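**Student:** I'd like to ask some things about the structure below.
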Amino acid sequence: MKHLDEYRDARLAKRLLSGIAKIVRSPHTVMEVCGGQTHTLVRSGILDQLPENLKVVHGPGCPVCVTPMEEIDEALELAARPEVRFCSFGDMLRVPGSRTDLSTIRSQGGDVRIVYSPLDALEMARRDRDRQVVFFAVGFETTAPATALAVWQAKREGLTNFSLLVSHVLVPPALERIAGNPNSKVQGFLAAGHVCTVVGFEDYETLASHYRIPIVVTGFEPVDLLQGLWMLARQLEQGRYELENQYARVVRRNGNMRARDLLAEVYEVCDRPWRGLGILPRSGLRLTAAYREFDARSKFGITGSVSAEPTECRSGDVLQGLLSPIDCPSFGLACTPDTPLGAPMVSSEGACAAYFHHRRQRRELAVV
Amino acid sequence: MSHGSESLLPLSCPSPLPAVNRIVLAHGEGARLSRRLIRNELLAVLGNEHLNPLGDGALLPAIEGPLVMTTDSSVVSPLFFPGGDIGQLAVHSAINDLAVCGADPRYLSLAFILEEGLEMATLRSIVQSIGRALKDCNVPVVTGDTKVVPRGAVDQIFINVTGIGQQRPGIELGPHRVRPGDQILVSGTIGDHGLTILSARNRLEFEGLASDTAPIHGLVDSLLRSNADIRFLRDPTRGGVAGVLHELLEQMSGEICLDESALPLSEAGRGASELLGLDPWFIANEGKLVIVVAADDVDRALTSLRRHPLGKQAARIGEVRAGSTNHVVVKGILGIERILTEPAGAPLPRIC
């Protein structure tokens, strides 16, 4: 477990923290766009140790959190069908739709299963031919190759009882939306290491130079994040706006070509709504025509409806880094992990949940 | 015309032979098949002077002093996993609950709820395992019950064990004894059982990962004999170490501060929890102790634990502090503190 120890070394972390404090002269705001990074930053306490001049905000990096309400409702509609076995990552189970959630559907008799991998759902389809197995394909580019592999295998085997409710999102359009927003205070990005492991970072180079905004591809351990922040701070102080790769031990410029080829065969890019951000062009994935038979929406005739978010939920602002969870009026009061108003409080990668569970200072809570 | 045997219709009986290799509903009806099952499969392995009469109740000799009683149901799936099985788990759960109450386990009851269609070989295997566990602990099953329910009503087999123990004189354990300054210990590596079960369910393989299911009454005995001033004892099953400590704080006023780098983890457990994104603080254990001990007696307690085969990796992980927040606070690997709040239910692994 060498990497784990090195990248959690407390002395190294402290050296990096003081290194950051030394180089940061003027105020900067940077954004990370990865639920795993949010989690580490909050959990390790790094956020509270950074100098005043370097502010880190959390972006739309939690795939559960950016799934629009309509798609949750589509999932709920499918899960309630008697012939369907609805499989999902555990995080999705308690995300509120407009009226209910998957966990409640399960307790009412719906066949809802938590799986760790889409290939587990595929195995269920192979074993139980009389069930229509649907997998909720949520996630960024990190997760998409696995779902692509699942339908690729399903097609080769001629399975007719397996389908995906596709809800994949791509990171660069979200960064573009934020970088292009004149009201945004974000001056630099930490790019998600695992996303880039799959797709590489060519797109990010273009973003950095077009929007004149530095981007550092960063890993997930505390030392990774501190190194990434140090590299970002250095660029900002030096007035550079380049793509740098902190996570070089894993990420290559071209990413993983086999994964990319598989993605290109199974999926095509499409426009897509994001919770809190509206429709971002070319920001989602859908199955190509050759794989359309595995699309749960067309298979089951799910039309989709427009659902309204509860107005008190400010997840849109939180996801764009415009509002810190702690500053949300509902945080810890109307909105808690037990009574979530929106996805960021439910998902373990959500900023609101991370803050609720781990930050020392927080507002008076109704019930812990 | 040929009158050879080939022209005669072969005799055949329209009723199928009863399945002897699977449990059927009749096994739970209290009649012939039921009694045969109990004698051949259960009594043959678990029999003893109290159980053999197969009365509706067991007549037991009087026990001096206060009694402790506990009950536990085992519903784990899969039934067999690295390090153990549901039978062992059932026995250990009751033994361990009695032990952490400061009682010597004396008698157990054993109730099965069997799913119609359960393979007899599976049941036999589990019963053998129960027999071995009982022998190891030197505690008999004195009374039992067997029910069979239709297919689908339970997941293969559920087991309930109720235990009676004799309270050790002079031992007083409980939240009311805990004071600021008391130290918190664990008896060994944390999270192994829960991670093993999760991994087995999802067909993930982590080399070296196995459940820690074990009877810890011997370890408790060792600890209590050391004369260390033990204030509070629990076995951190579902909900993990964090669950136990949150429960403790519900019954007293104060704060608990834990040191994450001091929490002992097995190599495999550490890897599994990292990969799955699960926090060991919340994961179930089945052969461990959480101990609250007076500060002066930490070394004495640790020495006695480490002398026992089940306590070799015992460690101090934190302390109780004065305060009114009732928070469990963890000092993380970078030395920075965070509040450890419990999830509402089971911890969920990460997606990305």
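The values are calculated or read from the model by the stated rules, or taken from the named source; none is laboratory data. Being a predicted model, the structure only gives us computed values, none of them experimental. Cβ coordinates were reconstructed from backbone atoms using ideal geometry, including for glycine residues, and neighbour counts include every protein chain displayed.
**Student:** Condition check: modelled with pLDDT of 90 or more, in contact with a strand residue (DSSP E or B) (Cβ under 8 Å, 6 or more places away or on another chain) and buried (at least 19 other Cβ atoms within 10 Å of the Cβ). Does residue A:138 satisfy that? Walk me through it before giving the result.
**Tutor:** Working: modelled with pLDDT of 90 or more: yes; in contact with a strand residue (DSSP E or B) (Cβ under 8 Å, 6 or more places away or on another chain): yes; buried (at least 19 other Cβ atoms within 10 Å of the Cβ): yes.
When the stated conditions are applied, residue A:138 passes them.
**Student:** Continuing with the same structure: I'd like the residue in the stretch A:172-206 that is hydrophobic (A, V, I, L, M, F, W, C) and over 21 Å from residue A:55 (Cβ atoms) and, out of all such residues, is surrounded by the fewest Cβ atoms within 10 Å (Cβ to Cβ).
**Tutor:** A:198
**Student:** May I pose another question? Of all residues in the stretch A:84-113, which are among the acidic types (Asp, Glu), under 15 Å from residue A:135 (Cα atoms) and touching a helix residue (DSSP H, G or I) at 6+ places or on another chain (Cβ under 7 Å)?
**Tutor:** Matches in the stretch A:84-113: A:91 only.
**Student:** Are there strands (runs of 3 or more DSSP E) fully within the stretch A:135-219 with at least 3 residues that are more than 19 Å from residue A:247 (Cα to Cα) and touching an Asp or Glu at 6+ places or on another chain (Cβ under 9 Å)? List them. Before the answer, list the steps.
**Tutor:** Values: elements: A:162-168, A:188-192, A:215-218.
Counting at least 3 such residues, we get A:162-168.
**Student:** Tell me, which residue of the stretch A:42-57 that is within 11 Å of chain B (Cβ to nearest Cβ) and closer than 18 Å to residue A:319 by Cβ is surrounded by the fewest Cβ atoms within 10 Å (Cβ to Cβ)?
**Tutor:** Taking the candidates together, the pick is A:47.
**Student:** Moving on to the next point. Looking only at the stretch A:311-319, decide whether some residue is in a strand (DSSP E or B) and charged (D, E, K, R). Spell out the reasoning first.
**Tutor:** If we filter the stretch A:311-319 for residues that are in a strand (DSSP E or B), which is where we start, we get none.
Within the stretch A:311-319 (the criterion being in a strand (DSSP E or B) and charged (D, E, K, R)), the answer is no, since none of the residues qualifies.
**Student:** Next question, about the same structure. Please list, ordered by residue number, the strands (runs of 3 or more DSSP E) wholly in the stretch B:193-305 having 1 or more residues that are within 15 Å of the chain's Cα centre (by Cα).
**Tutor:** In the stretch B:193-305, B:230-234, B:290-293 are the strands (runs of 3 or more DSSP E) which contain 1 or more residues that are within 15 Å of the chain's Cα centre (by Cα).
**Student:** Of the residues in the stretch B:304-341, how many are within 14 Å of chain A (Cβ to nearest Cβ) and in contact (Cβ under 8 Å) with a residue 40 or more places away in the chain?
**Tutor:** If we filter the stretch B:304-341 for residues that are within 14 Å of chain A (Cβ to nearest Cβ), which is where we start, we get B:323-341.
Keeping just the survivors that are in contact (Cβ under 8 Å) with a residue 40 or more places away in the chain gives B:323-333, B:337, B:340.
The qualifying residues number 13.
**Student:** Which one of A:38, A:29 is within 24 Å of residue A:349 (Cα to Cα), more than 10 Å from chain B (Cβ to nearest Cβ) and not in a helix (DSSP H, G or I)? Show your work before the answer.
**Tutor:** Details: A:38 fails: not in a helix (DSSP H, G or I).
Going through A:38, A:29 in turn, just one is within 24 Å of residue A:349 (Cα to Cα), more than 10 Å from chain B (Cβ to nearest Cβ) and not in a helix (DSSP H, G or I): A:29.
**Student:** Take the stretch A:328-343 and flag every residue that is part of a loop (DSSP other than H, G, I, E, B) and either away from chain B (no Cβ under 14 Å) or touching a residue at least 12 places away in the same chain (Cβ under 8 Å) (or both).
**Tutor:** Residues of the stretch A:328-343 that are part of a loop (DSSP other than H, G, I, E, B), as a first pass: A:328-330, A:332-334, A:336-342.
A:328, A:329, A:330, A:332, A:333, A:334, A:336, A:337, A:338, A:340, A:341, A:342 - these are the residues of the stretch A:328-343 that are part of a loop (DSSP other than H, G, I, E, B) and either away from chain B (no Cβ under 14 Å) or touching a residue at least 12 places away in the same chain (Cβ under 8 Å) (or both).
**Student:** When you scan the stretch B:209-265, how many residues do you find that are in contact with a Phe, Trp or Tyr (Cβ under 7 Å, 6 or more places away or on another chain) and hydrophobic (A, V, I, L, M, F, W, C)?
**Tutor:** 3
**Student:** Right, another one. Considering the stretch A:12-66 alone, what residues qualify as being free of Cβ contacts under 8 Å to residues at least 40 places away in the same chain, more than 30 Å from residue A:95 (Cα to Cα) and among the basic types (Lys, Arg)?
**Tutor:** Matches in the stretch A:12-66: A:14, A:15, A:22.
**Student:** Which helices (runs of 4 or more DSSP H) sit wholly inside the stretch A:68-131 and have at least 2 residues that are buried (at least 22 other Cβ atoms within 10 Å of the Cβ) and within 14 Å of another protein chain (Cβ to nearest Cβ)?
**Tutor:** Working: elements: A:69-79, A:102-107, A:118-127.
In the stretch A:68-131, A:118-127 are the helices (runs of 4 or more DSSP H) which contain 2 or more residues that are buried (at least 22 other Cβ atoms within 10 Å of the Cβ) and within 14 Å of another protein chain (Cβ to nearest Cβ).
**Student:** Exactly one of these conditions fails for residue B:47: (1) surrounded by fewer than 16 Cβ atoms within 10 Å (Cβ to Cβ); (2) over 25 Å from the mean Cα position of the chain (by Cα); (3) on the phi < 0 side of the Ramachandran plot; (4) not aliphatic (A, V, I, L, M). Give me its number.
**Tutor:** Only one criterion in (1) surrounded by fewer than 16 Cβ atoms within 10 Å (Cβ to Cβ); (2) over 25 Å from the mean Cα position of the chain (by Cα); (3) on the phi < 0 side of the Ramachandran plot; (4) not aliphatic (A, V, I, L, M) is unmet by residue B:47, namely (2).
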